[in-house]
Amino acid sequence: MAGGSSGASLEYTPTWALATVCLFFIFISIILEYIIHLLSHWLKRSRKTALNDALEKLKSELMLLGFMSLLLAVTQERISKMCVPNGAGNIMLPCRKMPEAIDDSCPSGKVALMSQDGIHQLHIFIFVLAVMQIVYTVLTLALGRAKMRRWEAWEKETQTTEYQVANDPNRFRFTRQTTFGRRHLTSCTETSIQLWIKCFFRQFIHSVAKVDYLTLRHGFISAHLSSRLNNFNFKNYIQRSLDEDFKAVVGISPLMWFLVVLLMLLDVYRWNVYFWVSCIPLLIVLVLGTKLELIVASMALQTKDQNNVIIGTPLVRPNDRYFWFGHPGFVLTLIHYTLFVNAFEFAFFIWVTIQFGFNSCYHENTAIIITRIVLAVSVQVICSYITLPLYALVTQMGSNFKSKVLEEQMANIIRQWHADVRERRKKQQLFLQSPRTSLSAEWSPRRVSATEFSSFPSPTSVPSDSIRKGKILEEEDEIVIEEAAGSSTRPSRPVIVELSRVRRE
């Protein structure tokens with residue numbers, strides 16, 4: 001470019017330099033695209049459908065980011081030539097106005113709408129914000145799932161004899177004498193204010209107790225499946241549901257982009273808007289944690305109101321009325337907003353530090369900057385280790401369940417059962433094909449107990465309501481699941497179907 005541009009244009013740039021720079025960016029782009037492709041292939045092979053869908057959404061977000069970057073690059077010079085009156089250019093400034101050189105690109109009494117350097121800095125900020133949103137969301141999900149690892153031991157405990165004896169369906173107990181009752185019905189339940197205060201502090205100490213997990217698991221299975229399906233892996237269902245929710249929070253919605261514009265508009269010198277904005281995520285996660293604890297306590301109070309004496313395990317009844325506006329998904333919306341605002345705080349701090357340094361006017365008040373960083377870190381810890389595990393467990397207590405997730409899990413159970421049946425048949429065939437002398441010795445009445453003749457296991461009962469949309473077709477060595485189109489959730493109905501016993505050969 002001629003005139004006021006600094007450095008040589010492409011007309012006077014060595015071709016080797018141009019080719020080297022192009023090769024570098026093309027090589028980096030191909031490597032990133034190949035990594036995303038490998039990750040997608042691994043997720044498909046591992047049957048992690050929800051995470052693969054989240055990856056596809058992430059790719060669309062990157063495409064949107066690239067399109068915004070292209071528009072800024074193409075229109076950068078044109079925008080810098082737009083002029084506005086001096087009065088409009090000197091109001092609502094983020095920093096104190098400093099004397100500057102005369103702008104030759106605009107006539108007298110006017111200033112440029114935005115300089116080319118400003119557009120380039122905005123370009124970098126949008127990129128940092130998008131990256132921080134993705135990194136922050138993935139980090140929160142990873143830390144939350146790490147906190148939920150101990151649930152796997154609780155899930156395995158439900159298959160032990162000790163658990164079955166402790167939860168004998170013929171055992172009569174007072175509601176307050178149960179472990180669940182002693183945790184929630186002992187004190188501070190007389191008024192709503194006392195209950196809210198109790199739940200507020202409880203979220204910081206054993207936010208998800210073992211008895212809460214086991215009781216809510218029993219309530220979910222009884223309401224949506226069948227009490228006879230005791231081998232249902234509730235922890236895997238929660239994890240897959242969380243993967244489905246990850247798709248909703250990994251991206252930046254149009255409403256979130258509008259929020260970015262609003263925050264940038266209100267970033268006026270001495271208004272300290274970002275300080276007050278940084279307090280909102282902390283307030284939201286604390287209220288959310290209290291509300292989720294309150295839902296569990298409310299279900300415990302409902303069991304006491306229904307019966308003072310219970311048989312077996314305390315039975316909680318999932319219902320949407322426990323949640324705000326009767327919609328459990330509203331909790332996910334608040335979590336999405338919290339994660340985005342916190343990511344915005346981190347992205348803005350990193351961008352200002354890189355672009356302008358620590359001595360920038362944005363860092364003029366050191367106390368406010370430190371407070372914002374502490375608040376952002378606190379929200380990260382609370383949201384990952386308290387709010388997210390509570391959300392993953394308690395939101396399963398809605399009136400509906402995620403049928404897509406349940407269908408996938410039931411299909412896996414059936415595949416595993418079918419594989420066990422094939423393995424048993426192979427062993428039986430090998431046994432029958434063994435030499436006759438060995439066969440007669442093995443089947444001698446003096447050496448074989450009567451129970452060994454009926455040792456072949458019967459198939460596990462599975463719910464038919466959760467796989468109503470699929471037809472199970474057994475073709476030799478595999479089960480084919482044919483899914484039909486439909487909604488992702490449906491009202492629960494406890495239905496159970498017994499699979500036919502395998503005919504002994």
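Residues considered: 152, 162. Of these, the only one that is at pLDDT 75 or above, open to solvent by 70 Å² or more (accessible area, probe 1.4 Å) and within 27 Å of residue 240 (Cα to Cα) is 152.
Take residue 264 and tell me if it is open to solvent by 30 Å² or more (accessible area, probe 1.4 Å) and either touching a residue at least 40 places away in the same chain (Cβ under 8 Å) or more than 24 Å from the chain's Cα centre (by Cα) (or both). Yes; evaluated as a whole, the condition is true for this residue. The set of residues in the stretch 13-55 that are outside any helix (DSSP H, G or I) and of a type in the set (Val, Ile, Thr) contains only 13.
The conditions of being open to solvent by less than 10 Å² (accessible area, probe 1.4 Å) and at pLDDT 85 or above are met by residue 215. Restricted to the stretch 350-432, the set of helices (runs of 4 or more DSSP H) holding at least 2 residues that are modelled with pLDDT under 85 and under 30 Å from residue 299 (Cα atoms) comprises 403-432. Screening residue 61 with (1) exposed (fewer than 11 other Cβ atoms within 10 Å of the Cβ); (2) under 25 Å from residue 252 (Cβ atoms); (3) modelled with pLDDT under 80 gives one miss only, at (1). When the residues of the stretch 181-204 are narrowed to those that are assigned to a loop (DSSP other than H, G, I, E, B) and polar (S, T, N, Q), which ends up most open to solvent (accessible area, probe 1.4 Å)? In this case the residue turns out to be 186.
Would you mind stating whether residue 122 is closer than 28 Å to residue 69 by Cα, under 33 Å from the mean Cα position of the chain (by Cα) and at pLDDT 85 or above? Yes. Residue count for the stretch 204-218, restricted to those that are touching a residue at least 24 places away in the same chain (Cβ under 8 Å) and within 26 Å of residue 286 (Cβ to Cβ): 10. Taking the criterion of being open to solvent by 60 Å² or more (accessible area, probe 1.4 Å) and either under 19 Å from residue 315 (Cα atoms) or more than 22 Å from the chain's Cα centre (by Cα) (or both), the residues of the stretch 218-245 that qualify are 227, 228, 230, 231.
Within the stretch 313-334, the residues that satisfy the criterion of being open to solvent by 10 Å² or more (accessible area, probe 1.4 Å) and part of a helix (DSSP H, G or I) are 320, 321, 322, 324, 325, 326, 329, 330, 332, 333, 334. There is at least one residue in the stretch 83-90 that is in a loop (DSSP other than H, G, I, E, B), at pLDDT below 85 and either open to solvent by 50 Å² or more (accessible area, probe 1.4 Å) or more than 26 Å from residue 363 (Cα to Cα) (or both). Can you spot a residue in the stretch 280-296 that is of a type outside the set (S, T, N, Q), surrounded by fewer than 17 Cβ atoms within 10 Å (Cβ to Cβ) and within 25 Å of residue 92 (Cβ to Cβ)? Yes. Going by what's in this entry, would residue 77 be described as open to solvent by 50 Å² or more (accessible area, probe 1.4 Å) and among the acidic types (Asp, Glu)? Yes.
The values are calculated or read from the model by the stated rules, or taken from the named source; none is laboratory data. Being a predicted model, the structure only gives us computed values, none of them experimental. Every residue, glycine among them, receives a Cβ derived from its backbone with ideal geometry; neighbour counts consider all protein chains shown. Quick note on the areas: whole protein, heavy atoms, side chains included, nothing else; ligands and nucleic acids left out. Shrake-Rupley method; radii C 1.70, N 1.55, O 1.52, S 1.80 Å.
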